[in-house]
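Visitor: Let me give you the structure first, and then I'll get to my questions.
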Amino acid sequence: MELLLVLLLFLALPVLPARGGSPAPAQAPAPTPRRAAVRLELARVDANLTGHDLIRRAVQRSLGRPGVVAGARPGTGAGAGAGGGAVRAAADKGEAPVVAGGGEYLVKLGIGTPQHVFSAAIDTATNLVWMQCQPCVSCYRQLDPFFNPRLSSSFAVVPCTSDTCGELDEHRCRSEDDDACQYTYKYSGNGETKGTLAIEKLAIGSDVFHGVVFGCSDSSAGGPPAQASGLAGLGRGPLSLVTQLSVRRFMYCLPPPTSATPGKLVLGPGVDAVRNVSDKVTVTMSSSMRYPSYYYLNLDGLAVGDQTPRRAAARVRSAAAAATTTPPDTPGGGGSANAYGMIVDVASTISFLEASLYEELAEDLEQEIRLPRATASRRLGLDLCFILPEGVGMDRVYVPTVSLSFDGRWLELERDRLFVEDGRTMCLMVGKTNGVSILGNFQQQNMHVLYNLRRGKITFAKANCESMS
């Protein structure tokens, strides 16, 4: 009996792992799945400026964002004509509705061994992660030191015969004896960046990821502002940062543009800040052969007025009746794309509406606001402006809410997300484009903007981003 009791006690003891022995075989470093969110600060490009100078520069950079690519493969985001004025290629050639330059919010990253710290502009409308590298034959001016890949022990080039190199529109081998992947990535006008596609170790906050593909540019023109050494593409394509890191959810929160408080970017499964917010709208992203790499939403209605959107149904301009040249949609994913889609673009300050929708919005606002129409603001580069009464600020005049319908889900934009005050006038922070509409960051201010990539949804939840921890 005693022997049986001892035996039962022995079997009940926890089994401890064996100590000693041979170590586990070494494995190649690889990005590990995120178990906690990575939280980063977003600094504005012109944080040293205030008021009108900051807005003016941001608007000027935004005016070059809309564009159409001739001969680009869908989803690459390479090449564009400013203002949507480039000649459209055949439908099967695809197009890039926004150019891959600009950028208004900067994130600090580290690259290489030893680590080189640099600032990159985040961009949800492009995929490639790239930065300027030594030796830089012809580069735009940047404030950070150039990255020298020769000093990094973790730097490796991508072969030009690889599938990874093939993801880029324009690529070639360096020479017959050197098969490094060389790329050309085009921008609006004559701007472009050229370099070598490579693999490196990338530090994001306190986390380090190995094997991240990026562009090491040695020639650039027309790129982001000097405060940025390059771009961190957050698009839906295979070479974007979120795709490479297998990020399933990410979120940002942007304070008003003149605020001294930095914004926040959160990557990973810990993104849950919108769970307890009542004033939120969740929209399903659409899938289209023409825009597979963009965060594309069906814009099917526009309402102006202080009525609730449903009561304003008689005033909604529906896009359903518009003629469309959109090619057939890709199977799976979200809903099908319509003619008046809208791309969510954090790198553009102002929003853009397709020309006919813009004219209807301007007409409705003019009827509702009932202030004298001012001439276009040359200083800000904005078209729709109104003259304020003597001694009266914008905050004391009536401005109707503008509501955008995405597949029947209404996103309301109030005065502070629509207009900016410029002396005796107030001007609409929306421009006109001949291409697809764009939702800029001015309209996204003071919102949690959550991208759920697994479910194909975007949530807009109004919040005070200056108080976000």
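Visitor: Using the heavy atoms of the protein chains and a 1.4 angstrom probe, tell me the accessible area per residue for segment 128-172 in square angstrom.
Guide: Result: 56 Å² per residue.
Visitor: Something else: Using the Cα gyration tensor of segment 168-254, with a ≥ b ≥ c the square roots of its eigenvalues, what is the shape: rounded (a/c below 1.5), prolate (a/b larger than b/c) or oblate (neither)?
Guide: Cα axes put segment 168-254 in the oblate bin.
Visitor: Can you send over the solvent-accessible area of residue 299, 1.4 Å probe, protein chains only, in Å² to the nearest 10?
Guide: Result for residue 299: roughly 10 Å² accessible.
Visitor: Moving on. How big is the accessible area of residue 57 in square angstrom, nearest 10, if you roll a 1.4 angstrom probe over the protein chains?
Guide: Its heavy atoms expose roughly 100 Å² to the probe.
Visitor: Per-residue counts of other Cβ atoms within 10 Å, averaged by peptide: what ranking do you get for 359-370, 246-257, highest first?
Guide: 246-257, 359-370
Visitor: Using packing as a proxy for protection, rank 143-151, 445-453 so that the peptide with the highest average count of other Cβ atoms within 10 Å comes first.
Guide: The packing order, highest mean first, is 445-453, 143-151.
Visitor: Using modelled backbone amide H atoms (1.01 Å from N, in-plane), which distant-in-sequence or interchain residues come within less than 5 Å of residue 419's amide H?
Guide: Hits under the 5 Å cutoff: 429.
Visitor: Another question about this same structure. Report the accessible area of residue 280, computed with a 1.4 Å probe over the heavy atoms of all protein chains in place, in Å² rounded to the nearest 10.
Guide: Spelled out: residue 280, probe radius 1.4 Å, area about 80 Å².
Visitor: Protein chains only, probe 1.4 Å: how do 185, 140 rank by accessible area, largest first?
Guide: Largest accessible area first, the list is 140, 185.
Visitor: Using the Karplus curve 6.51 cos²θ - 1.76 cosθ + 1.60 with θ = phi - 60°, work out ³J(HN,Hα) for each residue of segment 438-452 in order, rounded to whole Hz, and write x for Gly and Pro.
Guide: So the J values, rounded to whole Hz, are 10, 9, x, 6, 5, 6, 9, 5, 6, 9, 7, 10, 9, 9, 9.
Visitor: Over segment 419-469, with the other protein chains present, what is the accessible area per residue in square angstrom, probe 1.4 angstrom?
Guide: That works out to 33 Å² for each residue.
Visitor: Could you tell me which GluC sites (Glu not before Pro) in segment 110-187 are loop residues by DSSP with no more than 11 other beta carbons within 10 angstrom of their beta carbon?
Guide: The qualifying sites are 176.
Visitor: While we're on this one: Which of rounded, prolate, oblate describes segment 329-453, given a ≥ b ≥ c as roots of the alpha-carbon gyration tensor eigenvalues and a/c under 1.5 marking rounded, otherwise prolate only if a/b is larger than b/c?
Guide: prolate
The values are calculated or read from the model by the stated rules, or taken from the named source; none is laboratory data. Fair warning: this is a prediction, and the values are worked out from it, not measured in the lab. When we count neighbours, we look across all protein chains shown, and the Cβ atoms used for this are built from the backbone with ideal geometry, even at glycine. Accessible surface is based on the protein model in full, side chains and every heavy atom, while ligands, DNA and RNA are left aside. Shrake-Rupley method; radii C 1.70, N 1.55, O 1.52, S 1.80 Å.
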